[in-house]
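What follows is a short report on a single structure.
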Amino acid sequence: MHRKIVTIAMALGMILAMLAGAGCTQRQDQKAQNKPKPGAPFVPSPQFVVDKMLEMAQIKKDDLLYDLGCGDGRIVVTAAKKYGCKAVGFDINPDRVKESLENVRKNQVQHLVKIVQQDIFELDLSKPDVITLYLLPEVNEKLIPQLENLKPGSRIVSHDFGLGSFEPDEIVYIKSPDRKSSRLIYLWTTPLKKEAPLKKDGMK
Ligand SMILES: C[S@@+](CC[C@H](N)C(=O)[O-])C[C@H]1O[C@@H](n2cnc3c(N)ncnc32)[C@H](O)[C@@H]1O
């Protein structure tokens, strides 16, 4: 119960932080594009979260990773540099795509990383082995039909938010190096499994 309250409070805090932190950028971005509204504003995952997400996904060199909403490309760049795997970052926002491409170039991982400007809701997810997400709860939920097309044994890692009623294999609560903040990271392995419904006595 206590854990549930902490999780809800963190999710609310995160949404507020995302909206506050990214408000200006998002307004400018939408004005510039006048395109479909992005499903989540740009708030980068801190590097300690990126490192843990990739560790939890147990990435192998021959994996293909997709970051859905890649922001400045930090997840795909880190995956390529640290694990030598191929990675594709998708973002709807041309400014983010530009930043990601610059990040890829700066880190010299062009041979492993592609950045694509595309709406994540249009993606075919039958090829990647690993999906990383830092979106919003309702956006994660909207992605479920696509995530169900992942190959068996694929891993999905999400920063801070769950995936509807699908039961994660693991939830890690991680503190920042300065111990001033904390995040949740969820891991699922496909095929996705529904949470067992609660029995009348409250037990699964
Ligand atoms: C919270 S940021 C996460 C960035 C990065 N994945 C990270 O963890 O640091 C969410 C990103 O998703 C992008 N985004 C939102 N809706 C999208 C959509 N429908 N298609 C593609 N990208 C989208 C935003 O532009 C933003 O860069």
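Observations
- Considering the conditions (1) at pLDDT below 95; (2) within 23 Å of Val88 (Cα to Cα), Lys127 is excluded by exactly one of them, (1).
- Qualifying residues in the stretch 55-83 (those that are within 11 Å of the ligand (Cβ to nearest atom) and of a type in the set (A, V, I, L, M)) - the one farthest from Arg105 (Cα to Cα): Leu68
- Scanning the stretch 86-100 for residues that are over 14 Å from Val157 (Cβ atoms) and not in a helix (DSSP H, G or I) returns Lys86, Val88, Gly89, Phe90, Asp91, Ile92, Asn93.
- For the stretch 66-85, a residue qualifies if it is under 25 Å from Gly39 (Cα atoms) and either outside any helix (DSSP H, G or I) or not assigned by TED's automatic domain parsing to the domain that holds Lys151 (or both), and the qualifying residues are Tyr66, Asp67, Leu68, Gly69, Cys70, Gly71, Asp72, Gly73.
- Among the residues of the stretch 122-142, those identified as more than 24 Å from Cys85 (Cα to Cα) and hydrophobic (A, V, I, L, M, F, W, C) are Leu136, Val139.
- Hits in the stretch 107-157 (condition: polar (S, T, N, Q), part of a loop (DSSP other than H, G, I, E, B) and either surrounded by 22 or more Cβ atoms within 10 Å (Cβ to Cβ) or not assigned by TED's automatic domain parsing to the domain that holds Lys86 (or both)): Ser154
- Every pair of residues 6+ apart whose Cβ atoms lie under 7 Å, when the first sits in the stretch 113-125 and is of a type outside the set (D, E, K, R) while the second is away from the ligand (no atom under 13 Å from the Cβ): Val113/Ala80; Val113/Val104; Ile115/Leu101; Ile115/Val104; Leu125/Leu147; Leu125/Asn149; Leu125/Leu150
- Any chance Ile185 is surrounded by 12 or more Cβ atoms within 10 Å (Cβ to Cβ), touching a residue at least 24 places away in the same chain (Cβ under 8 Å), within 17 Å of Ala87 (Cα to Cα) and not aromatic (Phe, Trp, Tyr): no
The values are calculated or read from the model by the stated rules, or taken from the named source; none is laboratory data. Owing to the predicted nature of the structure, the values given are computational and were not obtained by experimental measurement. As a convention, Cβ positions derive from the backbone with ideal geometry for all residues, glycine included, and neighbour counts pool all protein chains shown.
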